[in-house]
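For reference, the structure is listed below as structure tokens.
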Amino acid sequence: MYLDTSVFVKLYTREPDSGECERLVAGHKIVSSELLYTELWSALLTKERAGALTPEARQRVWEIFEVHLLDDVVELIELNGHVVREAAEMIARVHPHVPLRTLDAIHLATFAGLDVGPLFTNDRRMIKAARLLAMPLAR
């Protein structure tokens with residue numbers, strides 16, 4: 001199952017729908033773009049600044065994520081020129097119906113080149129774009 005950052009944050013920190021996300025992901029191989037590495041770090045720092053995570057909790061979450069990468073619990077797919085070009089094409093294909101952001105398009109383009117099950121995102125724009133692109137969604 002391909003997860004974007006919005007779902008990963010819910011798996012690694014407690015949010016109201018974390019339990020539902022854990023249930024949907026259970027038993028699936030977890031895959032994402034290597035964009036996740038930076039996006040997750042940014043999200044954790046944002047939660048720390050907002051007071052939702054202590055620096056110690058943020059560090060513990062990051063260490064768990066790093067272990068999951070080393071143990072192949074999470075697989076990050078390398079970013080390359082093909083994915084970037086495909087992302088630009090996807091932005092054009094969903095225009096003007098969905099104002100797809102660059103990093104979201106890169107996630108969708110990464111997912112499009114894989115056979116890993118459905119895409120799991122909570123991002124409304126990504127969901128709309130994925131539907132227009134006939135991509136399978138979790139839920």
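The values are calculated or read from the model by the stated rules, or taken from the named source; none is laboratory data. The model shown is predicted, which means the values in this text are computed figures rather than measured ones. With ideal geometry, Cβ positions are generated from the backbone for all residues, glycine too; neighbour counts draw on all protein chains shown.
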- Note on the structure: Scanning the range 109-124 residue by residue, those in contact with a Leu (Cβ under 7 Å, 6 or more places away or on another chain) and farther than 16 Å from Glu78 by Cβ turn out to be Pro118, Leu119, Phe120
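Taking helices (runs of 4 or more DSSP H) that fall entirely within the range 1-102, which contain at least 1 residues that are in contact (Cβ under 8 Å) with a residue 40 or more places away in the chain and in contact with an Asp or Glu (Cβ under 6 Å, 6 or more places away or on another chain)?
Working: elements: 5-12, 18-25, 35-49, 55-70, 81-94.
Fully inside the range 1-102 and qualifying: 5-12.
Quick check: anything in the range 106-114 among the hydroxyl-bearing types (Ser, Thr, Tyr), surrounded by 15 or more Cβ atoms within 10 Å (Cβ to Cβ) and under 25 Å from Gly19 (Cβ atoms)? Steps first, answer last, please.
Within the range 106-114, the first condition is being among the hydroxyl-bearing types (Ser, Thr, Tyr), and the residues that meet it are 110.
Subsequent filtering for residues that are surrounded by 15 or more Cβ atoms within 10 Å (Cβ to Cβ) retains 110.
With the extra rule that they be under 25 Å from Gly19 (Cβ atoms), the set shrinks to none.
No, because not a single residue in the range 106-114 is among the hydroxyl-bearing types (Ser, Thr, Tyr), surrounded by 15 or more Cβ atoms within 10 Å (Cβ to Cβ) and under 25 Å from Gly19 (Cβ atoms).
Considering only residues that are exposed (fewer than 14 other Cβ atoms within 10 Å of the Cβ) and at pLDDT 95 or above, which ones fall in the range 27-40?
Just the residues of the range 27-40 that are exposed (fewer than 14 other Cβ atoms within 10 Å of the Cβ), to begin with: 27, 29, 38.
The one that is exposed (fewer than 14 other Cβ atoms within 10 Å of the Cβ) and at pLDDT 95 or above: Thr38.
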- Query: Can you tell me which of Thr121, Thr102 is of a type in the set (Ser, Thr, Tyr) and more than 17 Å from Phe8 (Cβ to Cβ)?
  - Reply: Thr102
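Identify, from the list Thr46, Thr54, Thr5, the residue that is under 25 Å from Leu79 (Cβ atoms), surrounded by fewer than 19 Cβ atoms within 10 Å (Cβ to Cβ) and of a type outside the set (D, E, K, R). Write out each step before concluding.
Working: Thr54 fails: under 25 Å from Leu79 (Cβ atoms); Thr5 fails: surrounded by fewer than 19 Cβ atoms within 10 Å (Cβ to Cβ).
Result: Thr46 is the single residue among Thr46, Thr54, Thr5 that is under 25 Å from Leu79 (Cβ atoms), surrounded by fewer than 19 Cβ atoms within 10 Å (Cβ to Cβ) and of a type outside the set (D, E, K, R).
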- Got at least one residue in the range 63-78 being within 17 Å of Ala105 (Cβ to Cβ), surrounded by 15 or more Cβ atoms within 10 Å (Cβ to Cβ), among the aliphatic types (A, V, I, L, M) and at pLDDT 95 or above? yes
- Evaluate the following for Ser42: is it among the small types (Gly, Ala, Ser), under 23 Å from Leu100 (Cα atoms) and touching a strand residue (DSSP E or B) at 6+ places or on another chain (Cβ under 9 Å)? no
- Message: Among the listed residues Ala52, Ala43, identify the single one that is among the small types (Gly, Ala, Ser) and more than 16 Å from the chain's Cα centre (by Cα).
- Response: Ala52
- Scan the range 117-131 and report the pairs whose first residue is in a helix (DSSP H, G or I) and whose second residue is of a type in the set (Asp, Glu), with Cβ atoms within less than 7 Å and a gap of 6+ or a chain change. Arg125/Asp104; Met126/Asp4; Met126/Asp104
